Structures are given as C-alpha cells and as structure tokens.
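Q: Before anything else, here's the structure in question.
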Amino acid sequence: MTTTSSDPSVVDASPAAMRATALLIDFGGVLTAPISRAFGALAAAAGLDPDAALRILATHEGARTALAEHETGRLDDDGFEDAFAAALTEAGGRVRARGMLADLATHMDLDEPMIDLVREARAAGVPVALVSNSLGRDCYARVDLDELFDVAVISAQVGVRKPSREIYRIACERLGVAPGDCVLVDDLEHNLVGAARLGIHGILHRTADESVPRIREALSLPSPAATS
C-alpha cells in the first residue's frame, strides 16, 4: 500500500531537523539484508522469476490476507505457509509449504554495521525499541532481543501491524518517551508515513553507509572519528 504524508518534513527528514532522543527501528531489511533477497531466493527455488514471490505477496488476495492475519497474530506459521504456497503454485511455482518461513529466515543475514549502530545508541543511553512486523517464529532467531533493545514491539504479539499508528504508540509508551522525541528507521516509506501521523521523525533506510551517519546525527551521537 502506498500513501503520502500530510507533513512530508517528518518522513525521511533531514537529520539535523529531528533532534531525536529515542530510536525506533525495523528488523527485516534494516537490521538484515534486504528482504527482497530472501524472497528472490524463494522464488528462484520455486522456478519463478526473482520478483515473483514479493509481487504475489503484494497482489494475490489470498496471500495478502494471509500475511495480514499472520502479522497480527491471527494466523500461525503453518497457516501462512499453506496460503502463500498455494498462491505461488497458482502462479506456476513448485513449492513445499512446510518450512518456507524458516527458509526465508536463513537468507536474512544480519547487517552488522546497523546492528553495531543499535548497540552504540543503547550504550550511549538512547532508548531503543524494535518495531517489527513479524514473519515466522524464526524471524528473530539470529539476535538477542534483550541485548539489543530496551523493548521489542512485534506485531503478532501486540495484535497490530505497521503502518498503523497504534504500534508506534505502543512502542513509545513502553519506552516512556514522547512520539515527537523519536526517530524511526524503516525500509518502507508507508511505515514512516504511519509513524509521522504521531509526530515521529523518519529515516528511509537503503544502506548502512547512508543510514548510520544520518541516525548518528539525528540522535546527536558522536562520530567514530570524534571518539577515537
């Protein structure tokens, strides 16, 4: 779903204009390699073109409904896998439903510079919340949530998913911070738009090389050169 913000200054805004004191951060595609790689590998294994899996997930009514139900905790891993596998099969793919989500997780390698940035922010006393739409029980298996984050707000656990402003309100409430004091880092613009409705500043993530200095500036973290 593509939306626009009524106040574009808070969606992928200039870090200098943010003056944030708390960090909200996405998982898949921000703290990991782009999710398109994982779905591309799934599509290739099914004999489909690399873009097919994400395209089907976005446009096939059954797959879209299953994803929404899964991300909000109303459909378990097996139920989502069955629905998504059926949609891929309908498109001519050769897929095995069971284990699909675990296979996706194996392709979501951690982006270590982004992980290090989270550790750096938290060590500096910045409150940090994971705000993530869940995708399977193995989605976060590669990280220690308690070590990286003050709070982890995962859609299936709270029953609401991004870009709903409610999930961001929950994150701010659990951190004990005002929305206007937060910066959200996400790889999907419509998630930033949802957060902007609460006054949360946004950084649209593409690569660590681009995002890390912008996050440091938004949170007034010193650069590595300044601390060496």
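Q: When you have a sec, figure out the Kirkwood radius of the range 102-228 from all distinct Cα pair distances and drop it here in Å to one decimal?
A: Numbers: mean 1/r = 0.0655 Å⁻¹.
Result for the range 102-228 stands at 15.3 Å.
Q: Moving on. Find out how many positive minus negative residues lie around ALA195, taking Lys and Arg as positive, Asp and Glu as negative, among other residues whose Cβ is under 9 Å from that of ALA195. It would help to have the intermediate numbers written out before the result.
A: On the way: positive: LYS162, ARG165, ARG197; negative: ASP186.
Cβ neighbours under 9 Å give a net charge of +2.
Q: About the Cα centre of the chain, how large is the charge dipole given +1 on each Lys and Arg Cβ and -1 on each Asp and Glu Cβ? Please answer in debye to the nearest 20.
A: So the dipole magnitude of the chain works out to roughly 340 debye.
Q: Grab the other residues whose beta carbon is less than 14 angstrom from that of ILE215, score K and R as +1, D and E as -1, and report the net. Walk me through the numbers before you get to the answer.
A: On the way: positive: ARG19, ARG119, ARG122, ARG206, ARG214, ARG216; negative: ASP12, ASP26, ASP111, ASP116, GLU120, ASP186, ASP187, ASP209, GLU210, GLU217.
Surrounding charge for ILE215 is -4.
Q: Moving on to the next point. Translational D (Stokes-Einstein, µm²/s) of the range 35-106 at 25 °C and 0.890 mPa s when Rh comes from the Kirkwood sum over C-alpha pairs?
A: 208 µm²/s
Q: While we're on this one: List, largest first, the extents of the alpha carbons of the chain along their principal axes, each in whole Å.
A: 53, 37, 28
Q: Who wins for biggest fluctuation among GLY136, GLY125, GLY29 in a Gaussian network model of the chain, springs between alpha carbons below 10 Å?
A: Comparing GLY136, GLY125, GLY29 in a Gaussian network model of the chain, the most mobile one is GLY125.
Q: How far, in degrees from 0 to 90, does helix 112-123 lean away from the longest principal axis of the Cα atoms of the chain, to the nearest 10?
A: With both axes taken from Cα atoms, the answer is about 40 degrees.
Any read-out appearing in this document is the output of simple, stated calculations on the displayed coordinates, not a laboratory observation. From a predicted model like this one, the values you see are computed outputs, not experimental measurements. Neighbour counts run over all protein chains shown; Cβ positions are idealised from the backbone, glycine included.
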